[in-house]
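For reference, the structure discussed in these notes is given below.
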Amino acid sequence: MTKQEIIEVFQKKYGVDNPEVYTSPGRINLIGEHTDYNGSFVFPGAIDKGMIAAIHFNGTDRIKAYAIDLDESTEFGLNEEDLPKEGWAKYIFGVCREIIKRGGTVKGFDTVFTGDVPLGAGMSSSAALESTFAFALNDLLNLGIDKFELARIGQSTEHNYVGVKCGIMDQFASIFGQKGHLIRLDTKSMEYAYFPFDPKGYKMVLLDTVVKHELASSAYNKRRESCEHAASTIAKRHPEVVFLRDASMDMLNEVKSEISEEDYMRAKYVIEETQRVREVSDALERGDYETVGQKMYETHHGMSKLYEVSCEELDFLNDVAREHGVTGSRVMGGGFGGCTINLVKDELYDSFIQDAKAQFKAKYGHEPKVYDVVIGDGARKL
Ligand code: GLA
């Protein structure tokens, strides 16, 4: 929806024709999955799809919100006990509460919002929504919150109001994104660097299984617990280890008999993935996309067999990519459904997409959705 279109919806809904309009994107991630809550590296980029919201202060201490895509409205106050029952409204409420907890004053507002980040596809529609409101309220109320803290406000919203103990990657990418650039973020030091991403001769494309498995958030939280348990067990012998990012395979092997087989597999994946992200950064600097692609396949294998966050449909698409000679392919995001991200040579692109659609349909009865990746800008006012 364009700025003008959303202003018209706002006008019809609330009778005010001069709301402010803000947008924030979803994200892709080249490599470094489930590493962000382990103090390790991630390699995301903002995409050209996101959420857009029109906002106008209403002179009360209440929020009126309308979700255009769901055609649902709600109204809530700003105190902890005012938690709305609608899942989507919890994100807006959570952002307001997290700002208030940090000492900011939030005033009541009317808002309408919509978006084109596919839900449940692993492209972080929820982070896009959080970042839109965090960025907008900070800007409109002159709160002076820095960009890191804006990202943390979104992350805390997930932790405290949605129940997902996520890392910082999605909100960071949504706030800090820059057109044409991926961002390598060290989630321990929060140091980051922009990498121009223009792989000549290749295309990056997402294939969405349109499958979302139940219990993804409790399974996500369970993965995090496994990692934290493995790290704290290692730390008993090696106090310098705060996160799994600080641990080596030797250290993990020392404590193998003290942790469950499951925790061992999860930690092994994270330690290996940390190494892969380092290798991919080096490869990107050399423009060596063959190595990038190979690491993507290795990540898929680890996510499927050690971390166990893939699913049949994603593994199937990964196999199709490999058989088709695609340079790199893997499950993207938290997993349990959603997309694969694929790095494909230009000349293979058309036949790969055709092949993936046909084979997937023959097996699962529907085609995967196809999204060409365009790296866009982060949160902004329109
Ligand atoms: C979700 C979380 C992120 C990250 C990814 C997996 O998108 O929100 O913090 O952990 O999963 O890399």
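The values are calculated or read from the model by the stated rules, or taken from the named source; none is laboratory data. Computed from a prediction, not measured in an experiment: that's the story for all the values here. Here Cβ is always computed from backbone atoms with ideal geometry, including for glycine, and neighbour counts include all displayed protein chains. Protein only, heavy atoms only, side chains kept; ligands, DNA and RNA dropped before computing areas. Shrake-Rupley method; radii C 1.70, N 1.55, O 1.52, S 1.80 Å.
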Problem - Residue-normalised accessible area of region 3-197, expressed per residue, 1.4 Å probe, Å² - result: 36
Exercise for the section: Report the residues of region 1-17 in range of a label on Leu119: point 7 Å along Cα→C-beta, backbone N strictly under 11 Å from it. Expected result: none
Practice task
Could you provide, to the nearest whole Å², the per residue accessible area of region 331-382 with probe 1.4 Å?
Solution key: 44
Practice task
Give the ranking of Val112, Val164 by solvent-accessible surface, highest area first, calculated with a 1.4 Å probe.
Solution key: Val164, Val112
Fill in the blank from the handout: With a 1.4 angstrom probe the carbon and sulfur portion of accessible area for region 247-299, in percent, totals 43
Fill in the blank from the handout: Here the FRET efficiency for Glu80 versus Lys256, based on Cβ atoms and R0 = 30 Å and rounded to 0.05, is 0.10
Exercise for the section: Please give the per residue accessible area of region 220-320, computed with a probe of 1.4 Å over protein heavy atoms only, in Å². Expected result: 44
Exercise for the section: Can you tell me the FRET efficiency between Lys3 and Glu272 if r is taken as the Cβ-Cβ distance and R0 is 45 Å, rounded to the nearest 0.05? Expected result: 0.50
Problem - Spin-label model distance (nm) - Glu312 vs Asp71, 7 Å beyond Cα toward Cβ - result: 3.5
Problem - Helix 147-157 axis, angle to the chain major axis (alpha carbon atoms, nearest 10°) - result: 90
Problem - Rough spin-label spacing in nm, given labels placed 7 Å along Cα→Cβ, for Arg62 and Asp288 - result: 6.2
Handout entry: Principal-axis tilt of helix 3-14 within the chain, Cα atoms, nearest 10 degrees
Key = 50
Problem - region 24-96 - percent of accessible surface contributed by carbon and sulfur, probe 1.4 Å - result: 46
Exercise for the section: Give me the angle, in degrees from 0 to 90, between the Cα long axis of helix 87-101 and the longest principal axis of the Cα atoms of the chain, rounded to the nearest 10. Expected result: 80
Practice task
For region 163-198, state which trypsin sites (Lys or Arg not before Pro) are in a DSSP loop and have at most 15 other beta carbons lying within 10 Å of their beta carbon.
Solution key: Lys179, Lys188
Practice task
Identify, among Ser304, Ala134, Leu348, the residue whose Cα sits farthest towards the positive end of the charge dipole of the chain, taking +1 on the Cβ of Lys and Arg and -1 on the Cβ of Asp and Glu, with the dipole about the Cα centre.
Solution key: Ala134
Practice task
Sort Leu140, Leu129 by accessible area with a 1.4 Å probe, largest first.
Solution key: Leu140, Leu129
